[in-house]
Amino acid sequence: MFKLKEKTNILVIGDLMIDHYLWGKCERISPEAPVQIVNIDKESSVLGGAGNVINNLRALGSNVDVISVIGNDMAAKELQFLLNDIDVNSNMLIIEEKRKTSKKSRLIASQQQILRYDNESIEDISPNSEEKIINILDKNILNYDAVILSDYGKGVLTNSLTQKIISLSNKNNIKVFVDPKGKDYSKYKNAYTLTPNKKEAIEATNINIKNDESLEKAIKQLKETCNLTVSLITLSENGIAIFDDNLRIKPTVAREVYDVTGAGDTVIASITFAIANNLDIDEAIKFANLAAGVVVGKIGSATATLDEIYEYESSLHKSNSSSHIKTFAEIEKLAKKFHEKGKKIVFTNGCFDILHAGHVKYLQEAKNYGDILILGLNADNSVRKLKGPTRPINNQNDRAYILASLESVDYVVIFEEETPYELIKLIKPNTLVKGGDYEGKIVVGQDIANELKLVQFVDGKSTTNTIKRIQNSETSN
């Protein structure tokens, strides 16, 4: 379970652009030239370049500011609107009158891209713009937990500006994370880390990475040449390589890959977010791999929320049992997300004092009625009121941990009240499950759930019988 505060403050500096899409169908060829005629059905625009890093950070819950240079044109106004739409302040964008704001337009016919045309400036920004950026950074640097340099080679991150940003950030003990571009990485010297992919690392080091030996040679060279604290190389489906004092490769955790578009932006955003939350580099890479696993399972440039990452981690059975134990506030938020996604939520509750085969089979059957099984667990005080002063045998934390370890149980929530009614009101389950002994009785919460299912107990299996056998054994001894 990652301990993340969400509300990190991260600054992104780099090349902003708009990814513009024209969607349509082609049913004939032009009589004027041998080209397709596309009837446009819809048009859409999203943040691209450094903007996709921003999207990923916002999805994780981070506060984000951005510094960049744009033109004084309609594309600039559109870009500012897209930033403001995700609550990112556009006040630190610098305008160069003769510069064109980057906009990449793609013509999609029947889900197939047939044309792309770019309208942008790619020359270096002016010395005056560089000076403005450094002045803005100098005044605001202490507001941030980390800085990301998102370099797409469009002229914002010039050699001199990049070095000034890194120097100023280091002076204030702010880590700089770089998504690099080009073959010469000298301008990124003294950054905390770079995140080149394998192909980019080969071009930057002139080392053909074909095995662990050549990988270590290349990643070590990057660390030494750029004086990095940590050196990283992303290896696509093989994970992420780390080198500080030694080489480690953290494997990917992608289950299904539909589209790798924007996965690199997800990686640098999630690594930065994790480090800003004081995770060490190995935990940060694990977190980034999970985030990338979520993103490549979607179509198009996508993002991953914390809830999606936690859910994905749980589905891989690699999460700690503690991550399945939730508070009322946490489960309310999760339940809302599940309902929005059309997931069918099942709820049951009980004391589950000494777990036995009857409990396990009951919970397995309960899970079969939907997608997500949430278990309300009676707190110790609640159990005493129901079962007497000698119960429970196991305290609520131990009971919750064991239940959360079961494959059939997605989440456990401890409740103090005599009944779970308030908890059920928060969750609004589709299905309420209780034991067969409730046949003909009113079940708490059945007025909230869509349906009630009764599950028969396994004969002879009960906590009371287990306790009696233990007591009889102790007496006979």
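The values are calculated or read from the model by the stated rules, or taken from the named source; none is laboratory data. Computed from a predicted model, the values in this text were never measured in an experiment. In this analysis, Cβ positions are derived from the backbone assuming ideal geometry, glycine residues included, and neighbour counts consider all displayed protein chains. With ligands, DNA and RNA removed, areas are computed over all heavy atoms of the protein, side chains included. Shrake-Rupley method; radii C 1.70, N 1.55, O 1.52, S 1.80 Å.
Within segment 215-241, residues that are basic (Lys, Arg) sit with their Cβ atoms under 7 Å from residues that are open to solvent by 10 Å² or more (accessible area, probe 1.4 Å), at 6+ positions apart or across chains, in these pairs: 217/207; 220/243; 223/243.
Residues in segment 298-317 that are surrounded by fewer than 15 Cβ atoms within 10 Å (Cβ to Cβ) and either at pLDDT 70 or above or of a type outside the set (Ser, Thr, Tyr) (or both): 299, 300, 316, 317. How many residues does segment 1-51 contain that are of a type in the set (Val, Ile, Thr), surrounded by fewer than 17 Cβ atoms within 10 Å (Cβ to Cβ) and closer than 18 Å to residue 109 by Cβ? Counting residues in segment 1-51 that are of a type in the set (Val, Ile, Thr), surrounded by fewer than 17 Cβ atoms within 10 Å (Cβ to Cβ) and closer than 18 Å to residue 109 by Cβ gives 4.
Do we find that residue 148 is open to solvent by less than 10 Å² (accessible area, probe 1.4 Å), in contact (Cβ under 8 Å) with a residue 24 or more places away in the chain and not in a strand (DSSP E or B) in this structure? In short, no. Note down all Cβ pairs under 8 Å where the first residue falls in segment 396-422 and is within 19 Å of residue 382 (Cα to Cα), the second is open to solvent by less than 40 Å² (accessible area, probe 1.4 Å) and charged (D, E, K, R), and they're at least six residues apart or on different chains. Short answer, once both residue conditions are applied: 396/380; 399/353; 412/326; 413/326.
For segment 154-165, the criterion of being small (Gly, Ala, Ser), modelled with pLDDT of 95 or more and on the phi > 0 side of the Ramachandran plot is met by at least one residue.
Looking only at residues that are among the basic types (Lys, Arg) and assigned to a helix (DSSP H, G or I) in segment 323-340, which one is most open to solvent (accessible area, probe 1.4 Å)? Per the criteria, the residue is 336. Only residues that are within 11 Å of residue 325 (Cβ to Cβ), touching a Leu at 6+ places or on another chain (Cβ under 8 Å) and open to solvent by less than 30 Å² (accessible area, probe 1.4 Å) were counted across segment 387-439, and they come to 7. Scanning segment 359-385 for residues that are assigned to a loop (DSSP other than H, G, I, E, B) and either among the polar types (S, T, N, Q) or open to solvent by less than 10 Å² (accessible area, probe 1.4 Å) (or both) gives 368, 379.
To keep it simple, each residue is scored yes or no on (1) of a type in the set (D, E, K, R); (2) free of Cβ contacts under 8 Å to residues at least 12 places away in the same chain; (3) surrounded by 15 or more Cβ atoms within 10 Å (Cβ to Cβ).
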residue	(1), (2), (3)
69	no, no, yes
76	no, no, yes
80	no, no, yes
84	no, yes, no
93	no, no, yes
98	yes, no, no
102	no, no, yes
113	no, yes, no
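The set of residues in segment 341-355 being in a loop (DSSP other than H, G, I, E, B) and not acidic (Asp, Glu) consists of 341, 342, 343, 344, 351, 352, 354, 355. Pairs meeting the criteria (first residue in segment 272-288 and without any contact (Cβ under 8 Å) to a residue 24 or more places away in the chain, second residue open to solvent by 10 Å² or more (accessible area, probe 1.4 Å) and not in a loop (DSSP other than H, G, I, E, B), beta carbons under 8 Å, at least 6 apart or on different chains) are 284/275. Looking only at residues of segment 266-297 that are open to solvent by 10 Å² or more (accessible area, probe 1.4 Å) and out of contact with any Ser or Thr (no Cβ under 9 Å at 6 or more places or on another chain), we find that the one that is modelled with the lowest pLDDT is 297. Residues that are among the acidic types (Asp, Glu) and open to solvent by less than 50 Å² (accessible area, probe 1.4 Å) within segment 115-132 comprise 120, 130, listed in sequence order.
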